[in-house]
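The values are calculated or read from the model by the stated rules, or taken from the named source; none is laboratory data. All figures in this text were calculated on a predicted structure; none of them were measured in a lab. Neighbour counts run over all protein chains shown; Cβ positions are idealised from the backbone, glycine included.
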Amino acid sequence: MAEISIIIRTRNEERWIRHCLEAVFAQEFHDFEVILVDNRSTDRTVEAAQRFPLARVITIDDYLPGHALNQGIRASTGRYIVCLSAHCVPQGTRWLDFLHQPLAADARVAGVYGRQIPVAFSDDVDKRDLMIVFGQDRRVQIKDYFFHNANSMLRRELWEQTPFDETVTNIEDRVWGKAMIEQGFRLVYEPEAMVYHHHGLHQGNDSQRARGVISIIEQVDGTEALRGLPPSMLPEATHVAAVVPVLGVPQTLAGRDLLSDLLRNLQRASYLREIHVFAEHAAAEAVARELGVGFLRRPPELMSSEKGIEDVMSWCLRELEGRGAFPDALLYANPLYPFRPPGLWDELVRDAQFKGLDTIFPCFPDYGNTWWRQGGERFTQVGEGLLPRPRKEPLYRALYGLGCLTRAPILRTGKLVGGRIGILPVEDPLYTLRYSQQTAAMLTVLERHLER
């Protein structure tokens, strides 16, 4: 029998569940069990969670918040019950202690709920809501029945007398809190029991108004409060695997082996956990072995010209997961791009983490005049035409092969680009060059011209 049972409700929380559970199992207070109540997730939420020592996994078909919590609590053994959202990440190693102490110290306290703070990429509306509702002063509530089950703890014996309402579609926590207050108990808000929570309490509010409120909060609270990430989400903690596809013999340009150059460049990056060459030719495998990077052998079904990079990256993800590696994201890099901006890999990972992006890739801002052929002799102008450049928004030409970082859940759908997308503008046209026989000939002519 555990002192504390932690109930975590999930529905397609693959993006967050590892970070949540890493923080839970890092607590100084160890006498607890974790029970996952999953609402038929269609992603890898459950598989990711089962890498941790869960007490039980319960599957439910029909979700109502009170029903899901009650199901988890009925399967638990703890004297105290923690309700924790799967996309909440406890801050620090004493989060569980801070929730537990008010209940252990005062029998009049029915439940404790903690502070929720935004992550760096939370929307301004959500930042505003969280920073206004969850302040820094501890409160003992005698009349106020506000309670929040994203981050809370309560007494089991009181839940047995008054379980959560299984009919309401939301605010089951406040319904329960009201019942406790009416029975003469107290609720405690403990700001030291803090979690990161990427979304707020309200939806659909005016973003411009939220930005105004947030600007004031930033001045009063200090901007660092709104720019944090849980330690497991920092760039240095994320698991990014680089994949370098090669079809046939690796190419050379001006005496340079393009595959070797790219692999050495990737090895200098700060935030890449692993690097793999994806190829079928022995020469590519030899380069990979010489430089000490992984090698994924291209299967026959991916030799067809009808198979694109999305098929390749999805296959590589499945292969790595089958080997027991579970990267958060893959970085696609094509060795046929001989020139890249310095620090590109690290910038892609930093932006992905601090901006909460699912896909990020470099783009070349093009201010030229572009036309789209609709069929036959019909053409439509794309962009703003002949306006002077200072008055013109550019079109952005994607350079996926230069370096495209995509999170695992997006790749698992068979897509390279999806979800929340970010671009990294690269202004130098040198970085747009892609190796071909024509490019090689052009560079040779240019080199001879410059030697004169």
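If you check Val312 against the conditions, is it of a type outside the set (S, T, N, Q) and in contact with a Ser or Thr (Cβ under 6 Å, 6 or more places away or on another chain)?
No, not satisfied.
Anything in region 290-310 that is surrounded by 15 or more Cβ atoms within 10 Å (Cβ to Cβ) and either in contact (Cβ under 8 Å) with a residue 60 or more places away in the chain or in a helix (DSSP H, G or I) (or both)? List them, or say none.
The answer is Leu291, Leu302, Ile309, Glu310.
Among the residues of region 311-344, what is the count of those that are assigned to a loop (DSSP other than H, G, I, E, B), surrounded by 19 or more Cβ atoms within 10 Å (Cβ to Cβ) and within 19 Å of the chain's Cα centre (by Cα)?
Count: 2.
With the requirement that a residue be out of contact with any strand residue (DSSP E or B) (no Cβ under 7 Å at 6 or more places or on another chain) and either crowded, with 21+ Cβ neighbours inside 10 Å or in a loop (DSSP other than H, G, I, E, B) (or both), what does region 101-117 give you?
Correct list: Asp106, Ala107.
Is it the case that Asp62 is surrounded by fewer than 19 Cβ atoms within 10 Å (Cβ to Cβ), in a loop (DSSP other than H, G, I, E, B) and in contact (Cβ under 8 Å) with a residue 60 or more places away in the chain?
Details: surrounded by fewer than 19 Cβ atoms within 10 Å (Cβ to Cβ): yes; in a loop (DSSP other than H, G, I, E, B): yes; in contact (Cβ under 8 Å) with a residue 60 or more places away in the chain: no.
It is false that Asp62 is surrounded by fewer than 19 Cβ atoms within 10 Å (Cβ to Cβ), in a loop (DSSP other than H, G, I, E, B) and in contact (Cβ under 8 Å) with a residue 60 or more places away in the chain.
Given the residues Ile4, Ile60, which is the only one that is at pLDDT 95 or above and touching a His at 6+ places or on another chain (Cβ under 9 Å)?
From the options Ile4, Ile60, the qualifying one is Ile4.
Do any residues in region 276-288 that are under 11 Å from Arg298 (Cβ atoms) and in the same structural domain as Leu247 (by TED's automatic domain parsing) have Cβ atoms under 6 Å from those of residues that are part of a helix (DSSP H, G or I) and small (Gly, Ala, Ser), where the two are at least six apart or on different chains, and which pairs are they?
Close Cβ pairs satisfying both conditions: Val277/Ala284; Val277/Ala288.
Check Gly204, Gly184, Gly248 and return the single one that is on the phi > 0 side of the Ramachandran plot, in a loop (DSSP other than H, G, I, E, B) and modelled with pLDDT of 95 or more.
Being on the phi > 0 side of the Ramachandran plot, in a loop (DSSP other than H, G, I, E, B) and modelled with pLDDT of 95 or more holds for just one of Gly204, Gly184, Gly248, which is Gly184.
Using the structure shown, decide if Ser260 is among the hydroxyl-bearing types (Ser, Thr, Tyr), part of a helix (DSSP H, G or I) and over 17 Å from the mean Cα position of the chain (by Cα). Reasoning before the result, please.
Numbers: among the hydroxyl-bearing types (Ser, Thr, Tyr): yes; part of a helix (DSSP H, G or I): yes; over 17 Å from the mean Cα position of the chain (by Cα): yes.
For Ser260, the condition - among the hydroxyl-bearing types (Ser, Thr, Tyr), part of a helix (DSSP H, G or I) and over 17 Å from the mean Cα position of the chain (by Cα) - is met.
Mind telling me which of the residues Asp346, Asp358, Asp351 ends up being in contact with a helix residue (DSSP H, G or I) (Cβ under 8 Å, 6 or more places away or on another chain), of a type in the set (D, E, K, R) and at pLDDT 95 or above?
Asp358
One line per residue, one yes/no per condition, for (1) among the β-branched types (Val, Ile, Thr); (2) in a loop (DSSP other than H, G, I, E, B); (3) out of contact with any strand residue (DSSP E or B) (no Cβ under 7 Å at 6 or more places or on another chain); (4) under 30 Å from Met233 (Cα atoms):
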site: Asp129; (1), (2), (3), (4): no, no, yes, yes
site: Ile132; (1), (2), (3), (4): yes, no, yes, yes
site: Gln136; (1), (2), (3), (4): no, yes, no, yes
site: Ser152; (1), (2), (3), (4): no, no, no, yes
site: Pro163; (1), (2), (3), (4): no, yes, yes, no
site: Val168; (1), (2), (3), (4): yes, yes, yes, no
site: His199; (1), (2), (3), (4): no, yes, yes, yes
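Scanning for something in contact with a strand residue (DSSP E or B) (Cβ under 6 Å, 6 or more places away or on another chain), at positive phi, at pLDDT below 85 and outside any strand (DSSP E or B), does region 385-392 turn up at least one residue? So that I can check it myself, show each step before the final result.
Within region 385-392, the subset in contact with a strand residue (DSSP E or B) (Cβ under 6 Å, 6 or more places away or on another chain) is none.
Taking every residue of region 385-392 in turn, none turns out to be in contact with a strand residue (DSSP E or B) (Cβ under 6 Å, 6 or more places away or on another chain), at positive phi, at pLDDT below 85 and outside any strand (DSSP E or B).
Let's see how each residue does on (1) over 15 Å from His67 (Cα atoms); (2) in the same structural domain as Ala105 (by TED's automatic domain parsing); (3) surrounded by 15 or more Cβ atoms within 10 Å (Cβ to Cβ):
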| residue | (1), (2), (3) |
| --- | --- |
| Arg128 | yes, yes, yes |
| Gln136 | yes, yes, no |
| Leu154 | yes, yes, yes |
| Leu158 | yes, yes, yes |
| Asp165 | no, yes, yes |
| Thr169 | no, yes, no |
| Val175 | no, yes, yes |
| Val188 | yes, yes, yes |
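Name every residue in region 3-38 that is of a type outside the set (D, E, K, R) and either part of a helix (DSSP H, G or I) or surrounded by fewer than 17 Cβ atoms within 10 Å (Cβ to Cβ) (or both), in order of residue number.
If the condition is that a residue be of a type outside the set (D, E, K, R) and either part of a helix (DSSP H, G or I) or surrounded by fewer than 17 Cβ atoms within 10 Å (Cβ to Cβ) (or both), then Trp16, Ile17, His19, Cys20, Leu21, Ala23, Val24, Phe25, Ala26, Phe29, His30 are the ones that fit.
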